[in-house]
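Student: Below you will find the structure I want to go over with you.
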Amino acid sequence: MCRTISKMWGIDGFRIYTEINSFGYKRVTVYVDYVPVVQFDPENLDEQKLAAIELVERHNCSQTVAGKICGLHRNTVFKALRIKRILGIEAIFKDNRGPNGPSKYVGDLRAHIKKLLRKHPQWTDQQIADQAASDFSTKVPRSSIARIRTEKEDKNRKNPSKAQLVKMAKEADEIDRQRFDTRQLELNFTHDEDIKTKSEESLQEPPAKPTNISDERLVERLVKGERFNFSGALMHYLFLSEIGFSNILSQFNNVPFTTYGVGDILGSCFFINALGIPSIEALKLVNASEFGILLGTNRAPDKETIRERFTSIAEQYNSTRLIDNFAEALLKLDFIDKEVFFIDGHFLPYYGFSVIAKGYHTVRRIAMRGNELYAVTDQQGRVLFFITESNEIDFRPIIHQCAQRLIGYGIARPVLVFDRGGYGVHFFSQLGEIADFVTWAKYCGNNELSGYEDSFFTVCLMHNGKKYRVGETNKTIRESLPTAKKGGRAQATSIDVRLVILENVETKKRVGIYTSNKDKPVHSIARYMLSRWGDSENVFKKMMSRFNLNYHPGYDISELENQPLVENPDIPLIRKAIRTLNKEVEAIKKDILVIEAKQHRRKDKRLTSKAKKLEKDLAEKIEDISGFELKLSHLPEKVSIIETLKGKPMNRCDLEKKRLYDVVQFMAYNSRERLAEIFRKCYADPRDTLQVLDMITDRAGYIKLAGQTLFVVLDWIESRKHREAAKKFCHMVNQKGIRMEGHMNFKLSFHISRYPIHGSTQVVHN
């Protein structure tokens, strides 16, 4: 019989083929990993429903995807699954069997069948049918017995309510889940020879020794084994153990007589970020007993406890020391490339009711309230440390502070790359005493850059698919005398720098770079700046794609008291008002001239009235202009930040809490980067490395404690490519010999399940 494939398509890892035979009948076949798993008639509703149930229950398919494959709405799939759980698979079929009229089994035969059902309740429908057929010498189908058995004796009996049906469904789901988890635990820890052998070896070790009742309960749970939705997140202990998370927190004092210490609170914040949970408040949606396993506790602190303890930790004002400890640990680990450092800012908008100073939001392109976070990163985009300050603070002191902290970390003369916001000739001369800088050549126009001949360019390089020509020369740059006097200097400062010129080969556009470094080759200087132009700025984009960098855990009145004077923000506003009023005055004068011309032609009371009103408006606006100009003449050009906020209900941001939270947030970011560094050795496709890694670290699975080793078996991965990479990754992570930090210092051993997550009893070996 001839068959033709009319359609083939894929969705969520499934391949679907629609074939038409020689008689014109359709048949749909669904393949998983090129193995057929389901067949159905797309024009038969019963078969569509059964196929959808099969896909959901046996092949870990979502209800929405199953509906798309089978041509059903997701609600239809949901109802079919509920009916099957509550009433059985038979209830899904449309019962079209038998005549439409009344049953022929009436009178003595019907009464006899009911008698047999009461007398032999354990008999099957077929046994009852055979006995009734023998007693009455007639044919009795099994389906008739089934209808009689289930028919309602009490016509007034009420059907179960919706709430009762939902409760029944939940109970059925819980029973199924328990049975399923028991089976998966047995498959992974008993039938998988590799895990079985390693767990038996671990049992030879001394058992874990809990120190309190809570830890005893945790150990009891883990020895039995259980499903754990955050199994993959335990991989982050690789980074936490390498930097010595507990040692980093040693400068904080624990509050006595509290259940959760500093490590529990900040560890909770770390895993909140590692799991992509947007805030402390969102923790209310997470199971506390499950989240507690990540911390090595039987139960995690709730959001109120974290909030309260987080405040007490912040009141110790140790965030700066914590940032330094973290940076020193990264450098000791050789996780950071020390060749060059990039400094970039990220605006942190504030959406609360407190009045704080405004800054510029580069994405939304508006001025709004907030603060500025300055991150110091290496060439790979790894964050060494950060500084969070009010946006009123100048960028140049931040750069100088970064240089001093890098020197404090043991880097003799750091090379700093930053944008035009750090430009200042006098500042360059001060910075050059302790560090080298690389920045865009501000005030270096096209006329100057275009004057260099083609022979000037001696080097070519490629960056992000673009080709550049590079040349260099020496140049003396000077600040203007007004700039010097504005800074309190009688003479203008001048310095000698290297001018590096980049030319885009395709567009012929040229840009200049200033640097004080005399040793780095010209192509390195050019590459640094190009990286700052793209890769360095992408650090914040990567952060925002996974983490809630703008989240602020709290506010207080405690910052900016000793900051330098700033430009008076009232002056530009007043000048703008004067310009607007002058335009309105000119418009009113023109209107008055028009009315006067009309009055020469005719006498009209309405024109006279309109003219008087315009003259009144004109006088008021001229008076307003005079008032604004007088006010402007008495205003100082510079004021303190505090002075600009007088009379306003100002609550400046409590940056201590923000800094404290951001430390653990950048820990989570660098932990992801550390795992990605290892995963790239296992996975060769650079297009989706981070996405596949996130799929692994976000994966659920099963955990079981043997001796002092916690075995973590991540759920089956459908894609062979991803599954093999995940196996190699687990092997490499296990070679590091990592342990959990905190209460229970368990060893960790990661594995990938060899058994698909579905209800099938088939054992799949791979």
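Any read-out appearing in this document is the output of simple, stated calculations on the displayed coordinates, not a laboratory observation. Quick caveat: nothing in here was measured; it's all calculated off a predicted structure. Positions of Cβ are backbone-derived with ideal geometry, glycine not excepted, and every protein chain shown enters the neighbour counts.
Student: Just check the stretch 400-445 against the gyration tensor rule for me: Cα atoms, a ≥ b ≥ c as the square roots of the eigenvalues, rounded for a/c under 1.5, and otherwise prolate or oblate depending on whether a/b exceeds b/c. Show your work: numbers first, answer last.
Tutor: Numbers: a/c = 2.67, a/b = 2.18, b/c = 1.22.
Here the stretch 400-445 falls in the prolate category.
Student: Now for a separate question. Full-extension gain between S214 and D624, please, as 0.36 nm times their residue separation minus the C-alpha to C-alpha distance.
Tutor: Working: separation 410, 0.36 × 410 = 147.60 nm, distance 7.26 nm.
Here the answer is 140.3 nm.
Student: How much length is gained on full extension from V459 to E304, taking 0.36 nm per residue of separation minus their Cα-Cα distance? Walk me through the numbers on the way to the answer.
Tutor: Values: separation 155, 0.36 × 155 = 55.80 nm, distance 5.96 nm.
Extra length from V459 to E304 when fully extended: 49.8 nm.
Student: Now for a different question. Cross-link list K338/K747; K542/K657; K79/K115; K303/K728; K338/K657: which exceed 25 angstrom alpha carbon to alpha carbon? Show your work: numbers first, answer last.
Tutor: On the way: K338/K747 32 Å; K542/K657 23 Å; K79/K115 36 Å; K303/K728 37 Å; K338/K657 29 Å.
Listed pairs above 25 Å: K338/K747; K79/K115; K303/K728; K338/K657.
Student: Something else about it: Would you please give the residues with an amide H less than 5 Å from that of R754, counting only those at least 5 places away or on a separate chain, with H modeled from the backbone geometry?
Tutor: none
Student: Still on this model: Set the Förster radius R0 to 22 Å, insert the Cβ-Cβ distance between A492 and K638 as r into 1/(1 + (r/R0)^6), and round the FRET efficiency to 0.05.
Tutor: With a Förster radius of 22 Å, E is 0.60.
Student: Rg/Rh for the stretch 569-635: what does it come to with C-alpha atoms and Rh from Kirkwood? Show your work: numbers first, answer last.
Tutor: On the way: Rg = 15.5 Å, Rh = 13.3 Å.
Checking Rg against Rh, the ratio lands at 1.16.
Student: Given a Förster radius of 60 Å and the C-beta distance between K603 and R575 as r, what FRET efficiency does 1/(1 + (r/R0)^6) yield to the nearest 0.05? Kindly include the intermediate steps, with their values, before the conclusion.
Tutor: Working: r = 43 Å, r/R0 = 0.72.
It comes out at approximately 0.90.
Student: Points 7 angstrom from Cα along the Cβ direction at K467 and S719: gap in nanometres?
Tutor: A separation of 3.4 nm, rounded to one decimal place.
Student: Then there's this: Ranking T483, T211 by Cβ neighbours within 10 Å, fewest first, what do you get?
Tutor: Details: T483 15, T211 9.
Sorted ascending by nearby Cβ count, the order is T211, T483.
Student: Using each residue's phi in the stretch 56-71, evaluate 6.51 cos²θ - 1.76 cosθ + 1.60 at θ = phi - 60° and report the 3J(HN,Hα) Karplus result to the nearest Hz, with x for Gly and Pro.
Tutor: 5, 7, 10, 10, 6, 9, 6, 5, 5, 5, 4, x, 4, 5, 9, x
Student: Exposure proxy check: V663, V459, V77 ranked by fewest other beta carbons within 10 Å? Don't jump to the answer; show the numbers that get you there.
Tutor: Working: V663 23, V459 14, V77 27.
Fewest to most other Cβ atoms nearby, the residues stand as V459, V663, V77.
Student: Arrange the following residues from fewest to most other Cβ atoms within 10 Å of their Cβ: I336, I678.
Tutor: On the way: I336 23, I678 18.
Lowest to highest Cβ neighbour count: I678, I336.
Student: If R₀ is 51 angstrom, what is the calculated FRET efficiency for the pair K224 and K518, using the beta carbon separation as r and rounding to 0.05?
Tutor: On the way: r = 66 Å, r/R0 = 1.30.
Between K224 and K518 the formula returns 0.15.
Student: Another question, if that's okay. Does the stretch 167-224 come out rounded, prolate or oblate by the C-alpha gyration tensor, with a ≥ b ≥ c the root eigenvalues, rounded set by a/c under 1.5 and, if not, prolate when a/b is larger than b/c and oblate if not?
Tutor: Working: a/c = 6.85, a/b = 1.36, b/c = 5.03.
Oblate.
Student: If you don't mind, there's one more thing I want to ask. May I ask you to list the GluC sites (Glu not before Pro) in the stretch 671-726 that are in a DSSP loop and have at most 12 other Cβ atoms within 10 Å of their Cβ? Write down the numbers at each step before the final one.
Tutor: Working: sites: E673, E677, E718, E724; in loops: E718.
Sparse-neighbourhood loop GluC sites (Glu not before Pro): none present.
Student: So how far apart, in nm, are the two label points at L117 and R74 if each is 7 Å from Cα heading toward Cβ?
Tutor: 4.0
Student: For T388, list long-range residues whose amide hydrogen, built 1.01 Å from N in the peptide plane, is under 5 Å from its own amide hydrogen.
Tutor: Result for T388 returns Y374.
Student: DSSP loop GluC sites (Glu not before Pro) in the stretch 445-474 with at most 15 other Cβ atoms within 10 Å of their Cβ, which ones?
Tutor: Working: sites: E448, E453, E472; in loops: E453.
Filter output for the stretch 445-474: E453.
Student: Here is a further query. Can you pick out the pairs among K119/K170; K332/K727; K576/K621; K681/K721; K518/K681; K332/K681 whose Cα atoms lie more than 25 Å from each other?
Tutor: Values: K119/K170 34 Å; K332/K727 29 Å; K576/K621 14 Å; K681/K721 14 Å; K518/K681 36 Å; K332/K681 23 Å.
Pairs exceeding the cut-off: K119/K170; K332/K727; K518/K681.
Student: Loop only by DSSP, 16 or fewer other Cβ within 10 Å of the Cβ. Give me the chymotrypsin sites (Phe, Trp or Tyr not before Pro) in the stretch 210-292 that pass, ordered by residue number.
Tutor: Details: sites: F228, F230, Y237, F239, F245, F252, F257, Y260, F270, F271, F291; in loops: F230, F252, F257, Y260.
Those satisfying the criteria are F257.
Student: Hey, another quick one. Quick one: what are the phi-derived ³J(HN,Hα) couplings along the stretch 293-300, Karplus 6.51/-1.76/1.60 with θ = phi - 60°, whole Hz, x for glycine and proline?
Tutor: Once rounded to whole Hz, the list reads 4, 4, 8, x, 10, 6, 8, 7.
Student: Output wanted: per-residue J couplings in Hz (rounded whole) for the stretch 412-420, from phi through Karplus 6.51 cos²θ - 1.76 cosθ + 1.60, θ = phi - 60°, x for Gly and Pro.
Tutor: 4, 9, x, 9, 10, 10, 8, 8, 5
Student: Something else about it: Shape call for the stretch 108-150 from the C-alpha gyration tensor, a ≥ b ≥ c root eigenvalues: rounded (a/c under 1.5), prolate (a/b greater than b/c) or oblate? Please list the in-between numbers first.
Tutor: On the way: a/c = 1.39, a/b = 1.25, b/c = 1.11.
Verdict is rounded for the stretch 108-150.
Student: Amide H of F437 versus every other amide H placed in the peptide plane: which residues, excluding those fewer than 5 positions away on the same chain, fall under 5 Å?
Tutor: L416, S516, N517
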